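Below is one structure; the comments refer to it alone.
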Amino acid sequence: MNALPSLPPFEAIVVAAGKGLRVGGDKPKQFRQWRGKPLVRHSVETLIALGANEVVVAIAQGTQAIAEEALAGLTGVTFVVGGKTRQQSVSNALKSLTNGLQSRVLIHDAARPDLPPAVIERLLSALEAEAVGAIPVLPIVDSVVFAKDDMMGSSPDRDTLRRVQTPQAFWFDDIMLAHRNWKGPPTAGDDAQVLAASGGSVALVQGDERLKKITFAEDFEDTMTGPQFRVGQGYDVHRLAEGEELWLCGIKLDHHKGLAGHSDADVALHAITDAVLGAIGAGDIGTHFPPSDPEWAGARSAQFLEHAVKLAANAGYTIGNVDLTLICEAPKIGPHRPAMRSQVAIITGLSEDAVSIKATTTERLGFTGREEGIAAQAIVGLVTAA
């Protein structure tokens, strides 16, 4: 995978306030599943990964709950209720940006989920070259005609025509002023038109076919050619100490020492939790349950894993299997393995035959060999939810 480009600071707006009726169904298309997660989540994740200081998502009235569910676990995201038109939604989002003045802002449509970093790099570079705004475009390769009453009219010069995509990049002050001064029709096609109407010049940069807009029901059907898989790996270690309880895989074991930690220190469930979070790119257990937070003192680790499973479901995945290895000299894991498998299966919603729990020693080498602690390594497979 290519490294992400180093970009100048920017803010981002994702417009997700449309009804999305052309795809059918009872859910707006921006919140439907596409390649394993809600459509809107794809571009928001990319913008965050590329360093957006803030991502404002414009949503329709009454969709706050479904929007929050679609973007659960992402940081730096705020919501604003849009207007009756796209132009009004963008205007509302611009007003809500907290770091707007003198900054660069990308305005993107949620219906374009596949967002190549190279396009963003070209857009921001155009702003650095003193453009007021910049948009990605592609040439038109097919013949084009004007139509009237289903009959062919004259043919425009396609060499002068371009297909316009998003995201579109602007200096915040200029696009904010352009939206305030907008006197055109209620349905402005895009923000470049708003800027141009205010006298701003718009640079053209090379777009990308990957920025295809998801518009019709068949666009969702065509994206899935087979099962979509993700794999995550987790590793954790906790120290053995006198006077502590020993919890492994959600089961309390009778042992002369227990694992020390802020929660119940269930090293096995912690490793599985990190594997699930890693598979969906949602950080690690400390991100969601900081050890400095007194709320989680003595907490059962089962709730950590339940949280990770829920986040995976929000991203469009179910747990396919769990493969866990415990590394310790004592206690002996074999006698407890059936109960452990059963408990992990219950927490993850799996059948027991999809849960593997193994144990090994380090031949008396290292901290586990000296019985100073227990380590756990987990691999989790995720599959696209039906």
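Of the listed requirements (1) modelled with pLDDT under 95; (2) of a type outside the set (D, E); (3) more than 28 Å from the chain's Cα centre (by Cα), R239 misses just one: (1). Among residues of segment 17-34 that are among the aromatic types (F, W, Y), those with a Cβ under 6 angstrom from a residue that is modelled with pLDDT of 80 or more, sequence gap 6+ or separate chain, pair up as F31/P38; F31/I66; F31/A70; W34/P113. Residues that are under 30 Å from T75 (Cα atoms), of a type in the set (D, E) and either touching a Cys at 6+ places or on another chain (Cβ under 8 Å) or assigned by TED's automatic domain parsing to the domain that holds A126 (or both) do not occur anywhere in segment 275-285. Considering only residues in segment 141-174 that are under 37 Å from the mean Cα position of the chain (by Cα), in a loop (DSSP other than H, G, I, E, B) and of a type outside the set (S, T, N, Q), the one that is surrounded by the fewest Cβ atoms within 10 Å (Cβ to Cβ) turns out to be D142.
Against the list (1) assigned by TED's automatic domain parsing to the domain that holds W34; (2) surrounded by 17 or more Cβ atoms within 10 Å (Cβ to Cβ); (3) among the charged types (D, E, K, R), the condition D236 fails is (1).
None of E329, E244 is touching a helix residue (DSSP H, G or I) at 6+ places or on another chain (Cβ under 8 Å) and over 25 Å from V231 (Cα atoms) except E329. In this entry, I214 passes the filter for residues that are surrounded by 14 or more Cβ atoms within 10 Å (Cβ to Cβ), part of a loop (DSSP other than H, G, I, E, B) and on the phi < 0 side of the Ramachandran plot. A single member of E68, E54 is among the charged types (D, E, K, R) and without any contact (Cβ under 8 Å) to a residue 12 or more places away in the chain, and it is E68.
Where strands (runs of 3 or more DSSP E) sit wholly within segment 12-122, those with at least 3 residues that are over 21 Å from E209 (Cβ atoms) and under 16 Å from the mean Cα position of the chain (by Cα) occupy 55-59, 77-81.
So which residues in segment 138-178 are modelled with pLDDT under 95, within 22 Å of L204 (Cβ to Cβ) and hydroxyl-bearing (S, T, Y)? Those that are modelled with pLDDT under 95, within 22 Å of L204 (Cβ to Cβ) and hydroxyl-bearing (S, T, Y): S143, T160. The residues on offer are A359, A345, and the sole one that is surrounded by 16 or more Cβ atoms within 10 Å (Cβ to Cβ), outside the structural domain of G36 (by TED's automatic domain parsing) and free of Cβ contacts under 8 Å to residues at least 24 places away in the same chain is A345. Residues that are of a type in the set (D, E, K, R) number at least 1 in the following strands (runs of 3 or more DSSP E) confined to segment 237-327: 251-253, 317-327.
The values are calculated or read from the model by the stated rules, or taken from the named source; none is laboratory data. If you're wondering where the values come from, they're calculated on a predicted model, not measured in any experiment. All Cβ positions, glycine included, derive from the backbone under ideal geometry; neighbour counts span all protein chains shown.
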